[in-house]
Amino acid sequence: MTFANPVLLAVGLVVAAALAYAAVAAARRRSAALAAAGVAAGGRRARLAGVWLTIAGIAVLAVATAGPAVTVPVSHASGTVILAIDVSGSMAATDVPPNRLSAAKKAAQAFVNAQPPSVEIGVVAFEQGGLEAAVPTADHATSLAAIGRLSPGGGTSLGAAILAALSAITHRAVSLGANGSAPGIGFWPSATIVLFSDGQDGGDSGASSGTSSSPSSDTDAAAEAAEKAGVHIDTVGVGTAAGSTVDVDGYHLFTGLDEATLKSIAQTTGGAYHPASNASELNGIASSIDLRLTVTNQPLPLAGAFIALALALLAAGAVLTVARTGRVI
């Protein structure tokens, strides 16, 4: 327990101790006088009960005026969440009405609306390369506006999306190392990435070397970088296994949901995969994603409780004093 003003505590306890000493001295003098007069001192303890309750009330009141408080652990959702939203051409498919991207945007906005102000939210739109649409901020209106501006077009690179999200978390450019190795970016356990995608992966994660690598290896390396940094990635599969066709540069291309890739990303980072084959399932994504809970020690003021106890003791002392002597003091 801590006290905001220990001086007041010391003064109050000295006063209470002085009153206790005076009460004991007065009781002894009274007992001696009664004994000298040959009068029995029966009921003395009962008569003094009111005095001791009053003194106890003063002592407790002294504690209350000193501003007592204790620290208690409080858990709450906090930290940084990056919503990485696939805006590649395949997200224009209509197997999730009205189309995958529109459904994902609606789910992402519902997610933002469900978060407390203690959670900073950023938005990364990704196609062939990651593009930061909104830096992490506690102003959720900024994130909602960034999501609303997204439109489909281009290819997909899940690895680039993860690296762009990590860049937004760390506030510095993050890229794969030589031969596609995962970079070390420190430890960010209070950060989470929520990735909305159909899982179609076209590669180009931004490796620093000139060597070529497959889309899957780039994505795996990016996921490993997130795992090393303590960042969970929750993936949301937008689309259906049956798939649909989209028009890209005059060609009709089939695109289906690749759950295996999205599950692999989530499992690598300790996150979870959330299937969403229709709009109603996407609407419930916000409640199904468990954010990291941060435990902080917060002061719990106790002055009110001590004041209540002091008033109860003082009232009890007054009642007993009046009942025994007919006087308040």
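The table below lists the values:
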{"item": "Qualifying position, being surrounded by 16 or more Cβ atoms within 10 Å (Cβ to Cβ), at pLDDT 75 or above and in the same structural domain as Leu48 (by TED's automatic domain parsing), among Gly239, Gly271, Gly256, Gly317", "result": "Gly317"}
{"item": "Condition met for Ser197 (modelled with pLDDT under 90 and either hydroxyl-bearing (Ser, Thr, Tyr) or not assigned by TED's automatic domain parsing to the domain that holds Asp247 (or both))", "result": "no"}
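The values are calculated or read from the model by the stated rules, or taken from the named source; none is laboratory data. Owing to the predicted nature of the structure, the values given are computational and were not obtained by experimental measurement. Note that we place each Cβ from the backbone using ideal geometry, even for glycine, and neighbour counts take in every protein chain shown.
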